[in-house]
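The structure appears right after this line, and notes come after that.
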Amino acid sequence: MTTTIGRDVYKVKELLESGELVAIPTETVYGLAGNALDENAVLKIFTAKGRPQFNPLIVHLASWADAEKYTKQIPEEANLLAQHFTPGPMTLLLPKNDCIPDLVTAGSNKVAIRIPGHALTQQLLHAIGFPLAAPSANRFGYVSPVTAQHVLDGLGGRIHYILDGGPCTVGLESTIVDFEENETIIRRTGAVTREQIEMIIGKKVLVKTSSSDHPVAPGMLKSHYATQTPLYYGDLKELCNQHSHQNLVIIGWGSPHMIAEKAGFQQQSNHSKVNIVSLSDSMNLEEAARNLFACMRKADSFGCDAVLVEKLPNHGIGQAINDRLKRAQHHFK
Ligand code: TXA
Ligand code: MG
């Protein structure tokens, strides 16, 4: 199968209507999309991605007004959040309607609903008459793609078409929000923060992103977003001491000079080879989020012994960045 990269929304519509898969751009990461109402197309997603079928898929809609066709009993908090944050980087877990195949939700009675904000994908969703099931367009377990080229690197030859919408502007997967009895719970951190959600719904929100708290999202169970090179994350100086005499990639933020200083490097170091990659020269958390997955892929391309990553400030989107890095760690369980 040849994989084409382009901007032909009409071609993508045709492929999806005939049950094929395409990669689509969103503001968070690229998605691997198929008709959510067609079980065969959904099966193809699991195969192309190499993903186990117990891990459910997010359903993408053109607008929040469509959500009532695919869900039932939408809580008031969900309505408020959808009105404020969608189209945008947020996914809502809602009781599913029977028309959504069990394969999409891995047997759960809740479906994950997302309204992506990217203009090309908005155009596509309005043009087709069905919702799109789409996980991130990477091979299972690897780093999510934030450019069309990243998708090609992982899924080239496995899908017909990659709709090229340029680099993703957020760079981290959507915030997933769940509703249980009277509680609102964040299941995955993302660009929309707990503080922003609390402002809108006017009450405290729980953050339960660990595996034990959320058996219905097995995607969160084990190492995810991981580089092939073992990755370690924390205080740069400590990590460098632990990994002396190795060929290293160091990912931090600030200028490369600052990162080298934080890592405790002198001109003559014990390390035979060190590559420094900055997430954001100007120490901007949004920029760091946007660059994270590309930097992780770049780190892999050096073929070093280890990737050492600096822990970033744990506020705003920094919480989501740290969450992804924790899961990317070599020994994360
Ligand atoms: O930003 C995003 O959300 C991207 C773009 C493409 O939309 N999608 C994405 O999909 O990150 P994926 O499949 O890589 O991650 C979706 C997460 C998984 O951890 C999955 O377990 C969880 O959402 N999930 C999906 N449906 C669910 C459901 N019905 N109940 C609980 N968790 C669900
Ligand atoms: Mg994913």
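Data for the structure
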{"read-out": "Column: log10 I(q)/I(0), Debye, Cα scatterers of the chain, q = 0.07 Å⁻¹", "value": "-0.28"}
{"read-out": "Contact order relative to length of the chain, as percent, for alpha carbon pairs under 8 angstrom and 6 or more apart", "value": "19"}
{"read-out": "Per-residue [θ]222 nm for the chain (sum of -39500 (n - 2.57) over DSSP H runs n ≥ 4, rounded to 500)", "value": "-9000 deg cm²/dmol"}
{"read-out": "Length gained when the stretch residue 245-residue 198 is fully extended (0.36 nm per residue, less Cα-Cα span)", "value": "12.2 nm"}
{"read-out": "Kyte-Doolittle mean at least -1.0, axial Cα span of 18 Å or more - DSSP H helices of the chain", "value": "285-301"}
{"read-out": "Extension gain (nm, one decimal) between residue 315 and residue 281, 0.36 nm per residue minus Cα-Cα", "value": "10.4 nm"}
{"read-out": "Amide hydrogen neighbours beyond the local backbone of residue 207, cut-off 5 Å, H modeled", "value": "186"}
{"read-out": "Residues in the range 148-166 that a label on residue 301 would reach, taking backbone N under 12 Å of a point 7 Å out along Cα→Cβ", "value": "149-150, 153"}
{"read-out": "Calculated P(r) tail over 15 Å for the range 13-90, as whole % of Cα pairs", "value": "63"}
{"read-out": "Kirkwood hydrodynamic radius (C-alpha pairs) into Stokes-Einstein, the range 71-155, 20 °C and 1.002 mPa s, D in µm²/s", "value": "146"}
{"read-out": "Potential lengthening between residue 14 and residue 126 on full extension [0.36 nm per residue; Cα-Cα distance subtracted]", "value": "39.0 nm"}
{"read-out": "Under 19 Å from the residue 97 label point (7 Å along Cα→beta-carbon), backbone N, the range 114-146", "value": "114-116, 125-134"}
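None of the figures in this text is laboratory data; all of them are computed from the coordinates on show. Note that the coordinates shown come from a computational prediction; the quantities given were computed from them, not determined experimentally. A quick note on method: Cβ atoms are made from the backbone with ideal geometry, for glycine too, and the neighbour counts reach across all protein chains shown.
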